[in-house]
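This report refers to the structure that appears directly beneath it.
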Amino acid sequence: MMNKILVLMCALMLSGCAYGRDYLENPEKFIRDPHFTEYKNKRDALESSYLRKEITYAEYIEQRDRLDDKYDQEVQKRTSVIMSNE
């Protein structure tokens, strides 16, 4: 009886640790920012295009920088709106 309880406790502990690790490794499942999600999807698609050799490295860098600049401007705009409302 005691062995069964010990095995059950170990199984519960391992499943809890596995859940916690997933949360730490994939926080986007729990934290949702539509602007960041859209940016990340576009950036991932751009990187995939480069890796599939659909675009050159120079095109990849140019488009990546343009995408990063656009996202940075959106973040600055949202930050200024938040700061002005405080």
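The values are calculated or read from the model by the stated rules, or taken from the named source; none is laboratory data. Note that the coordinates shown come from a computational prediction; the quantities given were computed from them, not determined experimentally. Don't worry about glycine lacking a Cβ; one is built from the backbone with ideal geometry, like all the others, and counts go over all protein chains shown.
Looking only at residues in the range 70-86 that are closer than 17 Å to PRO34 by Cα and among the acidic types (Asp, Glu), the one that is surrounded by the most Cβ atoms within 10 Å (Cβ to Cβ) is GLU74.
Is it true that some residue in the range 33-51 is surrounded by 11 or more Cβ atoms within 10 Å (Cβ to Cβ), modelled with pLDDT under 80 and not hydrophobic (A, V, I, L, M, F, W, C)? There is at least one residue in the range 33-51 that is surrounded by 11 or more Cβ atoms within 10 Å (Cβ to Cβ), modelled with pLDDT under 80 and not hydrophobic (A, V, I, L, M, F, W, C).
For the range 38-62, what are the residues that are among the polar types (S, T, N, Q) and under 20 Å from the mean Cα position of the chain (by Cα)?
Within the range 38-62, ASN41, SER48, SER49 meet the criteria.
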